[in-house]
Amino acid sequence: MLMDRNWRKHRILVMIGTRPEAIKLAPVVLALRREPGVQLTVCLSGQHPVMARDALASFGIAPDEELALDPGAATAGARFTDLHRAISELLIRLPQDRIVVQGDTSTALAGAMAGFHAGIPVAHVEAGLRTGNLAGPWPEEGYRRMIAPIADLHFAPTDCARQNLLAEGIDPGTVHLTGNTVVDALIAIRAMIAQNSETALRLDTWRQGITGGKPIVLVTLHRRESHGSVLTGVATAIRDLAGEFRDHAFVLPVHPNPAVSGSVRSVLADVPNVCLLDPLGYEDFVFVMSAASLIITDSGGVQEEAPTFGVPILVVRNESERGEAITAGFAQLTGTDPERILAAGRDILKRGAKAELRGKVNPFGDGMAAVRIARLLTARSDATAGIESEAEPIIAATAEPGVDMPRFVQ
Ligand code: UDP
């Protein structure tokens with residue numbers, strides 16, 4: 001059991017700001033809860049309080065702490081300063097031995113900086129993603145680069161991410177290839193759905209209701225750098241594709257940001273086979289994603305999720321920090337030109353490209369990332385050795401994945 005010199009438990013704070021952080025850290029929280037020597041605090045920063053709380057609830061997790069932010073902090077700088085203040089105050093009220101942050105949000109950087117100021121070691125989950133362009137995605141590329149020199153434990157989801165960190169001079173002994181915890185999250189949610197016949201029936205009835213049993217094209221759009229005419233252009237491509245494929249249902253959960261919903265609704269509200277929905281709970285979203293014939297997205301997380309279900313993806317961005325999905329044949333980077341998006345969507349739907357992806361290897365992980373991370377956080381000497389054979393996943397999967405999972409060897 002991991003105890004410090006005074007024989008008290010190792011206090012670990014898991015900081016969560018947004019929906020993707022909640023989804024990707026939920027498996028880590030569940031894995032850490034199994035460690036008897038850990039005293040865990042799960043804190044919502046207040047960045048996206050409702051979506052993050054709902055996503056955690058899908059995994060049966062309730063936060064221990066929720067921070068109160070200044071509603072008047074309107075700019076990215078003001079929001080960052082406010083988060084840093086709130087997390088620093090929390091660290092005074094609830095001293096910690098380690099902080100865990102994920103990804104590249106304001107919460108992740110503010111958590112890392114607050115840890116740095118308080119002299120508390122910082123672990124970074126999903127470390128090492130890079131586009132090489134500080135302007136895209138903004139501010140995420142800058143935020144994740146700034147976390148790297150502060151953290152003393154870097155959990156790289158892929159070998160490419162690991163190489164990015166080593167190229168920046170990060171000590172190789174602190175960089176661990178774990179896989180992406182989003183694969184663990186998907187396997188857990190799929191198992192939860194499969195194990196609960198009421199949920200499975202509810203989801204199936206709901207899907208029939210919104211799609212009429214038609215094949216599904218799932219669309220998500222939210223990137224800040226696309227707001228305005230770029231987003232309107234992408235929405236126009238979706239409208240035209242839906243016009244060509246009337247026998248498909250285009251399902252689009254609309255991001256609550258008014259800059260997104262305004263553009264999307266103005267172009268797509270009246271298209272008969274486009275279903276504009278409120279943001280979906282994670283279970284519902286995973287269910288639709290697993291059934292989709294095609295996903296069109298600018299989301300980072302969705303690019304990592306689709307390979308678990310063997311669904312082809314069009315990434316409507318100019319660059320991606322998840323090149324592994326492209327190399328492995330799951331994703332195409334179309335840029336934001338409506339003609340290119342339309343042509344690529346038409347090609348995938350005509351070809352029935354989903355069938356071609358069966359049996360391909362998922363480049364993002366094997367569903368054991370959170371177990372590896374929990375072991376590394378608790379400094380277990382067997383952190384990564386033999387994990388495939390002896391460790392239990394967070395929640396055992398009951399269905400075969402659509403694609404093969406890679407083995408992680410370190
Ligand atoms: N997601 C969800 N409901 C939705 C849309 C997305 O639960 O209606 C999930 C999705 O599965 C993924 C995450 O939210 O795990 C992605 O969030 P988003 O696209 O907002 O952020 P990004 O990944 O681009 O940072």
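For the stretch 230-255, a tally of residues being free of Cβ contacts under 8 Å to residues at least 40 places away in the same chain, out of contact with any helix residue (DSSP H, G or I) (no Cβ under 8 Å at 6 or more places or on another chain) and either of a type outside the set (G, A, S) or within 16 Å of the ligand (Cβ to nearest atom) (or both) returns 2. I'd like to know if the stretch 68-91 contains one or more residues that are within 29 Å of F285 (Cα to Cα) and of a type in the set (D, E, K, R). Taking every residue of the stretch 68-91 in turn, at least one turns out to be within 29 Å of F285 (Cα to Cα) and of a type in the set (D, E, K, R). Considering (1) touching a helix residue (DSSP H, G or I) at 6+ places or on another chain (Cβ under 7 Å); (2) outside any strand (DSSP E or B); (3) over 16 Å from G365 (Cα atoms), the lone condition that A123 does not fulfil carries the number (2). Here the condition is being surrounded by 18 or more Cβ atoms within 10 Å (Cβ to Cβ) and in a helix (DSSP H, G or I); of I193, I170, it holds for I193 alone. Considering (1) surrounded by 15 or more Cβ atoms within 10 Å (Cβ to Cβ); (2) within 16 Å of the ligand (Cβ to nearest atom), the lone condition that A76 does not fulfil carries the number (1). Here's a check for you: in the stretch 272-293, which residue that is without any contact (Cβ under 8 Å) to a residue 60 or more places away in the chain and within 12 Å of the ligand (Cβ to nearest atom) is nearest to the chain's Cα centre (by Cα)? Once the filter is applied, the top-ranked residue is F285. Consider the stretch 304-351 and keep the residues that are outside any loop (DSSP other than H, G, I, E, B) and hydroxyl-bearing (S, T, Y). The one that is surrounded by the most Cβ atoms within 10 Å (Cβ to Cβ) is T308.
Only strands (runs of 3 or more DSSP E) whose full extent lies in the stretch 1-107 are considered here, and the ones with at least 1 residues that are over 21 Å from the mean Cα position of the chain (by Cα) and not basic (K, R) are 10-16, 38-44. Scanning the stretch 245-296 for residues that are part of a loop (DSSP other than H, G, I, E, B) and of a type in the set (D, E) yields D247, D270, D278.
Within the stretch 26-60, the residues that satisfy the criterion of being free of Cβ contacts under 8 Å to residues at least 40 places away in the same chain, surrounded by fewer than 22 Cβ atoms within 10 Å (Cβ to Cβ) and more than 15 Å from the ligand (Cβ to nearest atom) are R33, P36, Q39, L40, G60.
Considering the stretch 294-310 alone, what residues qualify as being modelled with pLDDT of 95 or more and away from the ligand (no atom under 12 Å from the Cβ)? L294, I296, listed by residue number. Answer yes or no as to whether G119 is more than 24 Å from I23 (Cβ to Cβ) and either touching a residue at least 12 places away in the same chain (Cβ under 8 Å) or of a type outside the set (A, V, I, L, M, F, W, C) (or both). Here the answer is yes, as G119 does meet what is asked. Look at A167 and say whether it is free of Cβ contacts under 8 Å to residues at least 12 places away in the same chain, farther than 24 Å from L314 by Cα and of a type in the set (A, V, I, L, M). Yes.
Here A331 meets the list (1) within 30 Å of R239 (Cα to Cα); (2) modelled with pLDDT under 95 almost entirely, failing just condition (2).
How about the stretch 138-167: which of its residues are of a type outside the set (A, V, I, L, M) and in a loop (DSSP other than H, G, I, E, B)?
Residues satisfying the conditions are W138, P139, P149, D152, P157, T158.
I'd like to know if the stretch 336-350 contains one or more residues that are touching a residue at least 12 places away in the same chain (Cβ under 8 Å) and within 16 Å of the ligand (Cβ to nearest atom). Looking through the stretch 336-350, at least one residue is touching a residue at least 12 places away in the same chain (Cβ under 8 Å) and within 16 Å of the ligand (Cβ to nearest atom). For the residues I23, I99, the requirement of being of a type in the set (A, V, I, L, M, F, W, C) and within 16 Å of the ligand (Cβ to nearest atom) singles out I23.
The values are calculated or read from the model by the stated rules, or taken from the named source; none is laboratory data. The shown structure was predicted, so the numbers you read here are calculated from the model rather than taken from an experiment. Note that we place each Cβ from the backbone using ideal geometry, even for glycine, and neighbour counts take in every protein chain shown.
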